[in-house]
Amino acid sequence: MTIAMPKPNAKIMARRAAIVAAMRAIVPGEGVVDAGVEMRVFETDALTAYRQMPLVVVLPETVSQVAAVLRYCHENEVPVVPRGAGTSLSGGSLPLEDGVLLVLSRFNRILEVDFDNRCAVVQPGVTNLGITREVEHAGFYYAPDPSSQIACSIGGNVAENSGGVHCLKYGLTANNLLGVEFVTIEGEVIRLGGKHLDSEGYDLLGLLTGSEGLLGVVTEVTVRILQKPETARAVLIGFPTSEQAGTCVAAIIARGIIPGGMEMMDAPAIRAAEDFVHAGYPLDVEALLIVELDGPGAEVDHLLSEVEGIARENGATTARVSQSDAERMTFWAGRKAAFPAVGRISPDYLCMDGTIPRKELPRVLAGMRALSQKHRLAVANVFHAGDGNLHPLILYDASKDDELQRAEDFGADILRLCVEVGGVLTGEHGVGIEKRDLMPEMFGEDDLKHQQRVKCAFDPRHLLNPGKMFPVLHRCAELGRLHVHKGQLPFPELPRF
Ligand SMILES: Cc1cc2nc3c(=O)[nH]c(=O)nc-3n(C[C@H](O)[C@H](O)[C@H](O)COP(=O)(O)OP(=O)(O)OC[C@H]3O[C@@H](n4cnc5c(N)ncnc54)[C@H](O)[C@@H]3O)c2cc1C
């Protein structure tokens with residue numbers, strides 16, 4: 001492990017048997033897993049370079065069980081890591097050796113579909129795609145579509161503010177979320193928002209979205225559902241250089257066109273995806289754009305010809321428009337399978353996630369090439385080009401001595417470059433442990449302290465997902481949140497790492 005996690009608290013470890021017994025009293029039957037071999041499946045998320053066995057795994061089925069688990073952990077000062085499907089790419093659901101892993105996968109029911117109000121109320125363990133599957137018979141769908149949508153949970157999507165190829169036009173999770181029910185570390189059940197479009201008071205829903213399991217545990221989610229557009233067509237556009245493709249992306253948006261999706265892949269990613277999925281991608285180009293236009297048929301035809309014209313002005317050498325919905329889906333299948341496809345050409349890869357202003361794409365792509373040489377590692381690029389959200393996949397071999405370290409250094413340099421050009425450290429995968437130590441590249445000490453004051457307001461004992469997001473845990477007392485009586489800090493043993 002090159003990223004340090006908080007040292008396990010020996011006093012908590014010594015109480016393991018009592019903690020397991022308490023969990024069994026709250027969640028009967030098969031809802032508590034404490035045998036080593038059975039806990040092994042939970043030891044990592046999709047950031048598989050990091051593994052850590054939990055103290056115990058708890059799979060509650062009801063909100064009152066979640067509340068009782070959290071109340072017990074609060075009273076007994078036991079850390080808690082919430083987990084949905086475990087597909088986080090930033091180590092957000094990596095367990096802690098001295099912590100309860102609270103898995104929401106049994107919260108898997110669709111509670112209500114309300115077509116009149118165009119929303120669905122679901123439990124957090126329902127998969128992202130499960131929502132669309134439930135409403136598609138009536139011509140509706142849930143718009144944010146992470147490539148992991150077949151597996152990832154909507155609770156995880158809320159915690160990471162996840163995005164996908166169609167978020168350029170339809171917004172991220174935050175823009176499609178109407179309400180949540182969540183449980184605080186003290187076991188209080190709170191509802192924010194609902195079926196109505198706006199909620200009263202501070203935008204606490206916005207605060208909770210993307211909070212990576214550090215503020216509360218989501219137990220119910222209300223999302224907006226949309227009517228499927230009348231027509232959708234995609235065009236594959238090939239370029240001799242990535243810089244030309246990057247310039248074309250900026251030009252399309254500058255012309256006032258907002259495609260349903262606009263994705264870019266570079267040569268290594270195109271080849272890997274084509275070998276895997278046979279999507280019909282051109283192999284003689286250095287960069288590929290997939291641009292989807294949706295809406296009424298006449299509008300789509302008009303916009304497609306505009307996009308093709310802009311592409312030609314920017315040096316495109318090929319353009320192929322989908323002729324059927326099946327062909328459009330095949331175009332997307334290659335893109336959606338790009339991560340596993342790259343997994344076939346390299347023993348390991350690190351998937352980075354930074355966001356930049358669109359017009360900086362050519363500069364950042366050139367910078368990435370130089371960094372690839374500096375760190376002596378190859379990179380395949382797959383990204384949500386329209387949003388300026390990059391996903392460089394750094395190829396390495398973990399069995400070779402220093403390659404993980406070099407891959408992490410390469411990734412850190414890419415994220416520094418994103419910040420340098422006016423971008424941010426993450427677009428949709430979250431900070432987790434992966435980018436935790438890079439937070440000071442973007443935020444000053446005062447900024448970080450302000451963010452932790454919010455954390456202290458929800459979780460003064462820092463029990464929810466500690467070790468994630470913040471490089472240093474400040475005691476809440478230091479941040480002015482808690483009263484210090486006669487110089488005695490309330491939580492002197494809070495870990496610093
Ligand atoms: C192949 C692949 C492709 C991917 N593509 C995309 C993509 O296109 N776009 C994208 O945004 N992401 C993508 N991801 C990342 C990942 O799928 C998302 O971050 C997803 O939202 C995680 O959901 P999950 O249920 O797996 O959450 P987990 O991995 O279990 O947890 C993620 C975080 O959410 C917290 N959490 C989970 N459930 C709850 C809850 N109920 N209450 C409070 N906190 C909770 C956890 O503590 C953790 O911090 C991809 C991942 C993979 C493996």
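How about the stretch 143-157: which of its residues are among the hydrophobic types (A, V, I, L, M, F, W, C), part of a loop (DSSP other than H, G, I, E, B) and either more than 8 Å from the ligand (Cβ to nearest atom) or buried (at least 24 other Cβ atoms within 10 Å of the Cβ) (or both)?
Within the stretch 143-157, Ala143, Ile150 meet the criteria.
Could you list, in sequence order, the residues of the stretch 66-97 that are farther than 20 Å from Val37 by Cα and either surrounded by fewer than 20 Cβ atoms within 10 Å (Cβ to Cβ) or among the charged types (D, E, K, R) (or both)?
Across the stretch 66-97, the qualifying residues are Ala68, Arg71, Tyr72, His74, Glu75, Asn76, Glu77.
Could you check the stretch 76-94 and list, in sequence order, the residues that are more than 8 Å from the ligand (Cβ to nearest atom) and outside any strand (DSSP E or B)? Lay out the reasoning, then the answer.
Narrowing the stretch 76-94 to residues more than 8 Å from the ligand (Cβ to nearest atom): 76-80, 91, 94.
Hits for the stretch 76-94 are Asn76, Glu77, Val78, Pro79, Gly91, Leu94.
Considering (1) outside any loop (DSSP other than H, G, I, E, B); (2) farther than 30 Å from Asp266 by Cα, say which one Gly238 fails and leave the rest.
It is condition (2) that Gly238 fails.
Please state which of the following conditions Cys476 fails to meet, knowing it meets all the rest: (1) within 19 Å of the chain's Cα centre (by Cα); (2) crowded, with 20+ Cβ neighbours inside 10 Å.
Only one criterion in (1) within 19 Å of the chain's Cα centre (by Cα); (2) crowded, with 20+ Cβ neighbours inside 10 Å is unmet by Cys476, namely (1).
Rundown of residues vs (1) within 13 Å of the ligand (Cβ to nearest atom); (2) small (Gly, Ala, Ser); (3) more than 22 Å from the chain's Cα centre (by Cα), yes/no style:
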| site | (1), (2), (3) |
| --- | --- |
| Leu47 | yes, no, no |
| Gln52 | no, no, no |
| Ser64 | no, yes, yes |
| His74 | no, no, yes |
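If I ask for residues that are in contact with a helix residue (DSSP H, G or I) (Cβ under 7 Å, 6 or more places away or on another chain) and buried (at least 21 other Cβ atoms within 10 Å of the Cβ), which ones from the stretch 336-348 would you list?
Ala338, Ala341, Val342, listed by residue number.
Quick one: is Leu438 closer than 27 Å to Pro95 by Cβ, in contact with a helix residue (DSSP H, G or I) (Cβ under 8 Å, 6 or more places away or on another chain) and modelled with pLDDT of 95 or more? Outline the logic, then answer.
Values: closer than 27 Å to Pro95 by Cβ: yes; in contact with a helix residue (DSSP H, G or I) (Cβ under 8 Å, 6 or more places away or on another chain): yes; modelled with pLDDT of 95 or more: no.
Against the criterion (closer than 27 Å to Pro95 by Cβ, in contact with a helix residue (DSSP H, G or I) (Cβ under 8 Å, 6 or more places away or on another chain) and modelled with pLDDT of 95 or more), Leu438 does not qualify.
Quick one: Arg233 ticks every box in (1) in a strand (DSSP E or B); (2) under 16 Å from the mean Cα position of the chain (by Cα); (3) more than 13 Å from the ligand (Cβ to nearest atom) bar one, so which box is it?
Among (1) in a strand (DSSP E or B); (2) under 16 Å from the mean Cα position of the chain (by Cα); (3) more than 13 Å from the ligand (Cβ to nearest atom), the lone unmet condition for Arg233 is (2).
Checking Phe239 against (1) buried (at least 22 other Cβ atoms within 10 Å of the Cβ); (2) outside the structural domain of Leu304 (by TED's automatic domain parsing): exactly one of these is not met. Which one?
(2)
Right, Arg312: farther than 10 Å from Leu236 by Cα, of a type outside the set (Val, Ile, Thr) and either at pLDDT 95 or above or in contact with a Gly (Cβ under 9 Å, 6 or more places away or on another chain) (or both) or not?
Yes; evaluated as a whole, the condition is true for this residue.
Looking at (1) under 30 Å from Met39 (Cβ atoms); (2) more than 8 Å from the ligand (Cβ to nearest atom); (3) in contact with a His (Cβ under 8 Å, 6 or more places away or on another chain), which is the only condition Glu160 fails?
Glu160 satisfies every listed condition except (2).
Quick grid of which residues meet (1) assigned to a helix (DSSP H, G or I); (2) within 25 Å of the chain's Cα centre (by Cα); (3) within 13 Å of the ligand (Cβ to nearest atom):
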{"position": "Tyr202", "(1), (2), (3)": "no, yes, no"}
{"position": "Ser211", "(1), (2), (3)": "no, yes, yes"}
{"position": "Thr219", "(1), (2), (3)": "no, yes, yes"}
{"position": "Gly246", "(1), (2), (3)": "yes, yes, no"}
{"position": "Ile258", "(1), (2), (3)": "no, yes, no"}
{"position": "Met265", "(1), (2), (3)": "no, yes, no"}
{"position": "Ala269", "(1), (2), (3)": "yes, yes, no"}
{"position": "Ala273", "(1), (2), (3)": "yes, yes, yes"}
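For the stretch 394-427, enumerate the residues that are surrounded by fewer than 20 Cβ atoms within 10 Å (Cβ to Cβ), part of a loop (DSSP other than H, G, I, E, B) and in contact (Cβ under 8 Å) with a residue 24 or more places away in the chain.
Hits for the stretch 394-427 are Asp397, Ala398, Ser399, Val421, Gly422.
Can you pull out every residue in the stretch 180-200 that is more than 14 Å from the ligand (Cβ to nearest atom) and assigned to a strand (DSSP E or B)?
Result: Arg191, Gly193.
Scan the stretch 104-122 for residues that are buried (at least 24 other Cβ atoms within 10 Å of the Cβ) and either near the ligand (Cβ under 10 Å from one of its atoms) or assigned to a loop (DSSP other than H, G, I, E, B) (or both) and jot them down.
Once the filter is applied, which keeps residues that are buried (at least 24 other Cβ atoms within 10 Å of the Cβ) and either near the ligand (Cβ under 10 Å from one of its atoms) or assigned to a loop (DSSP other than H, G, I, E, B) (or both), the stretch 104-122 yields Leu104, Phe107.
The values are calculated or read from the model by the stated rules, or taken from the named source; none is laboratory data. Keep in mind that this is a model prediction, so the values were computed, not measured. All Cβ positions, glycine included, derive from the backbone under ideal geometry; neighbour counts span all protein chains shown.
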